[in-house]
Amino acid sequence: MLNKTAIAIVGSRNCSEYGWMQAKKFSNALSKNGICIISGLAIGIDSIAHSSAMSHKGKTIAVLGSGFNNIYPKENKRLYEKILENDGCVISEYPPDTKVNTKYFPKRNEIISALALGVLVVEAKYRSGSTITANSAFKQGKKVFAIPSNIDSKLGIGTNKLIQKGAKLVTNIQDILKEININKCSDIEQDWKYENKMVPEKYKLVYSIIGNMPIDINTICNRTELPIQDVSEQLTMLELNEYIRVLPGDMFVKV
Amino acid sequence: MLSIVNTIALEGIEGTIIEVQVDVSAGIPHWDMVGMLGTSIKESKERISVAIKNSGIKLVGKKISVNLAPAEIKKEGSSFDLAIAVGLLINLGIIKKENIISSIFIGEISYNGNINSVNGILPMCLTAQKHGFKRVYIPTGNLEEAKLVNGLEIVNVDSLKDLILKINSNLSIEKNVSKIKENAEEEYDIDFADIYGQEKAKRALEIVAAGNHHCLLIGAPGVGKTMLAKRLITIFPKLSYDEIIEITKINSILGNINEGKIINKRPFIEVNSNITLAAFLGGGRNPMPGAISLANLGVLFMDEFAEFDIKKLENLRTILDSHTIKLDRVQNSVIYPCKFVLIAAMNPCPCGYFGSQDKKCTCSETKIKRYLSKISGPVLDRIDIQLNITNVKYSEINTNRKLEKSKDIRKRVEIARQIQKSRFINEGITTNSEMNSKQIKKYCVLDLESKKLLEKLYIKMNFNIRTYNNILKIARTIADLDEKEIIDTSCIAEAVQYKVDNKFYNKGSVER
């Protein structure tokens, strides 16, 4: 399995909705193309990278910064077991009972980049674990890919800086596949189209306000100048028909 | 010679007529009192004998024997003084027996002969009225409170001398007619127009007030949860005479009525998590009402809901169902009303910023789960409306949108309440929140389209039967606010927005 073509997907633990979506999309598409996904079994981007790789029977490798008996974070114990059940691989260079220690993480990140052909950074703060992984990839002569972020977002500083340093800006998986000399790409085109959904006329006004950045109901109400009861009603209908999605904290985004 | 005088003993807010039997005979000077008496009544002989002496009346050595009947009721408090003193004065020939027919005497006597005010005058006067007594003699300090009761001749007395004068002059007094204005517009110094933005929360509280639904506010610190909750009472329906009596009664036995000021506003009782169980539910050796009963017919605001200990939260379950609390003691048990609207407020997570767009949450998923698991499902069942409060944007402050006054919102609420009242006239309930599942089936009539919509929503959003019922109840209230007979799709679609439920809490979990 370690001989397989592999790409590492890393990113912030405290990711945004945007990062979450992109990690899911890329991990999904890469594993559909037979590429193994490597990550660090942390929460946030790492978790979604592992689990979406497995959702299409893809292979995934997790590299730990602790012993096997001390899975960190505890929430991901189930994910750890799932990786093993799905014929994945979990790697640790520490004895089984080693407790988690932040000083092991940079080492772990080096292993991640070393195992992969390239590292895809989804979201990273300035000077974070993900940038360490990317920098070691640079040193090891590996490819570094970065998904661009909103320049106002804290989580975008790291990735945007990496792009300035020479990481490849990617907007779809072909950008990655080309770099690692894989030319055939299984049909996943439709995922990348920026489609405009046909929204029924009566919900158009509310729908037009909702974008990719989460927005709350009071702001929608304020901008549309509609009565709150109408806005509430329309949001429910839009959600039911999967035009929009609700995030924690009652925030709405386009699907 | 035996003389009999009537007074009243309270058990909770229910009164019992007590017959004070005073017998004075020749013999070895001695004063004896029987009838299951508390300490403060046993002491009353000292107060009375000194007060009678200080009022210029000679109480020469006699054998005095007092019985408070019925003897099986435990009696507490100092309000029996006046009746005992009157019994004695009759025996001494100072007051004529005929002048106190059908009268009740309530009051505490002090050493100088003055009559001090006592707690619980209002429920006592109501008992007197119920039992057909014509006249009550009460301390002057309690006059305003007693005047709430219709159909009694109310005589206020300052001192023993004043009392003797008033009884002997046999004055005729007109029956009291309460001057309380029903459905009066109260004066509040807070108003819904004070709040910028928060349109959804305002609408939700309108629904809360219209249907008497309980409500959970979830939001980061400082977004205005308390501010919103405080304004809820300004849009509740105006108080009727019976409601004023009910609220004042509870405050009367606690002695909360200062300078005779009648309570004519709905209560807003704010409790925080370090309140003791006794102060919360009511308690004491002689059970007194707690915060939940003080909030009767008003709002109980529980801030930091998740910080309350399990015992209080689980007690809340039965209270929210029964609207009364029974406090049991060995010798007696007391029932207090506690029909309030619960407004619970909490942060979404221990750090307070989960789901917030302004600040990142620093809590781990386990931490959030542990924080939320304190509130059990059965408690959440009973809270119909769950609401996320988000921070107000500057654009909402600086807007042309008209801020609606509480007065105008209240008008809509009152219409909706009227509709509910006439609908439930044979059901023994008055508001939508009280409907049981049978009544929900009967009164929450859906048209075909909304039935289909609800089915779709049920599957899509993973409802369970309890959320389903809650949504129907809220939709019924929304329809009442819009004065619609049948619940249509817009009511259902709006009602769904007042559920936070499971979609709120799954940070970072893989199944998102």
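The values are calculated or read from the model by the stated rules, or taken from the named source; none is laboratory data. None of these values were measured; they are calculated from a predicted model. Glycine gets a Cβ as well: all are built from the backbone with ideal geometry, and neighbour counts include every protein chain shown.
Worth pointing out:
- B:L254 vs. criteria in contact with a Leu (Cβ under 7 Å, 6 or more places away or on another chain), hydrophobic (A, V, I, L, M, F, W, C) and touching a residue at least 12 places away in the same chain (Cβ under 8 Å): no
- Residue list for region A:50-88, filter: part of a loop (DSSP other than H, G, I, E, B) and under 19 Å from A:I35 (Cα atoms): A:S55, A:H56, A:K57, A:G58, A:K59, A:N86, A:D87, A:G88
- Residue match in region B:193-205 (condition: at positive phi, outside any helix (DSSP H, G or I) and within 14 Å of chain A (Cβ to nearest Cβ)): yes
- Residue list for region A:199-218, restricted to those being within 28 Å of the chain's Cα centre (by Cα) and within 12 Å of chain B (Cβ to nearest Cβ): A:M213, A:P214, A:I215, A:D216, A:I217
- In region A:22-47, the residues that are within 12 Å of chain B (Cβ to nearest Cβ) and out of contact with any strand residue (DSSP E or B) (no Cβ under 9 Å at 6 or more places or on another chain): A:K24, A:I43, A:G44
Quick grid of which residues meet (1) within 18 Å of B:G211 (Cα to Cα); (2) buried (at least 16 other Cβ atoms within 10 Å of the Cβ):
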position: B:K402; (1), (2): no, no
position: B:S406; (1), (2): yes, yes
position: B:S422; (1), (2): yes, no
position: B:M435; (1), (2): yes, yes
position: B:K442; (1), (2): yes, no
position: B:D447; (1), (2): no, no
position: B:L454; (1), (2): no, yes
position: B:N464; (1), (2): no, no
position: B:I474; (1), (2): yes, yes
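- Taken as a whole, the structure leaves A:A53 outside the set of residues that are small (G, A, S), surrounded by 16 or more Cβ atoms within 10 Å (Cβ to Cβ) and in contact with a Phe, Trp or Tyr (Cβ under 8 Å, 6 or more places away or on another chain).
- If you go through region B:435-451 and keep only what is out of contact with any strand residue (DSSP E or B) (no Cβ under 9 Å at 6 or more places or on another chain), assigned to a helix (DSSP H, G or I) and at pLDDT 90 or above, you end up with B:K438, B:Q439, B:I440, B:K441, B:K442, B:Y443, B:L448, B:E449, B:K451.
- Residues satisfying the stated conditions in region B:34-67, i.e. under 23 Å from B:S159 (Cα atoms) and either in a strand (DSSP E or B) or under 38 Å from the mean Cα position of the chain (by Cα) (or both): B:S40, B:I41, B:K42, B:E43, B:S44, B:K45, B:E46, B:R47, B:I48, B:A51, B:I64, B:V66
- Within region B:227-237, none of the residues are in contact with a Pro (Cβ under 7 Å, 6 or more places away or on another chain), among the hydroxyl-bearing types (S, T, Y) and crowded, with 21+ Cβ neighbours inside 10 Å.
- Where A:Y126 falls short, out of the listed (1) in a loop (DSSP other than H, G, I, E, B); (2) in contact (Cβ under 8 Å) with a residue 24 or more places away in the chain; (3) within 14 Å of chain B (Cβ to nearest Cβ); (4) out of contact with any Ser or Thr (no Cβ under 8 Å at 6 or more places or on another chain): (3)
- Selection status of A:L120, in a helix (DSSP H, G or I) and either touching an Asp or Glu at 6+ places or on another chain (Cβ under 9 Å) or in the same structural domain as A:S47 (by TED's automatic domain parsing) (or both): no
- Filtered by the rule that a residue be more than 16 Å from B:S102 (Cβ to Cβ) and crowded, with 20+ Cβ neighbours inside 10 Å, region B:16-28 gives B:V22, B:V24.
- Among (1) in contact (Cβ under 8 Å) with a residue 60 or more places away in the chain; (2) over 27 Å from B:D408 (Cβ atoms); (3) surrounded by 15 or more Cβ atoms within 10 Å (Cβ to Cβ); (4) in the same structural domain as B:I335 (by TED's automatic domain parsing), the one test that B:S178 misses: (4)
- Single unsatisfied condition, B:G12 versus (1) out of contact with any Ser or Thr (no Cβ under 7 Å at 6 or more places or on another chain); (2) at pLDDT 90 or above: (2)
- Positions within region B:206-219 being surrounded by 24 or more Cβ atoms within 10 Å (Cβ to Cβ) and either within 11 Å of chain A (Cβ to nearest Cβ) or among the aliphatic types (A, V, I, L, M) (or both), in sequence order: B:E206, B:I207, B:V208, B:A209, B:A210, B:L217, B:I218, B:G219
- 1 or more residues within 14 Å of chain A (Cβ to nearest Cβ) and more than 20 Å from B:L10 (Cβ to Cβ): qualifying helices (runs of 4 or more DSSP H) within region B:255-366: none
- Filter pass, A:N150 being polar (S, T, N, Q), surrounded by fewer than 22 Cβ atoms within 10 Å (Cβ to Cβ) and part of a loop (DSSP other than H, G, I, E, B): yes
- Residue among A:N181, A:N218, A:N212, A:N222 that is under 25 Å from A:S16 (Cβ atoms) and at pLDDT below 85: A:N212
- Condition check for B:G56: surrounded by fewer than 16 Cβ atoms within 10 Å (Cβ to Cβ), closer than 19 Å to B:I167 by Cα and at pLDDT below 95: yes
- The listed residue being surrounded by 21 or more Cβ atoms within 10 Å (Cβ to Cβ) and either within 22 Å of A:S153 (Cβ to Cβ) or within 11 Å of the chain's Cα centre (by Cα) (or both), out of A:A42, A:A62: A:A42
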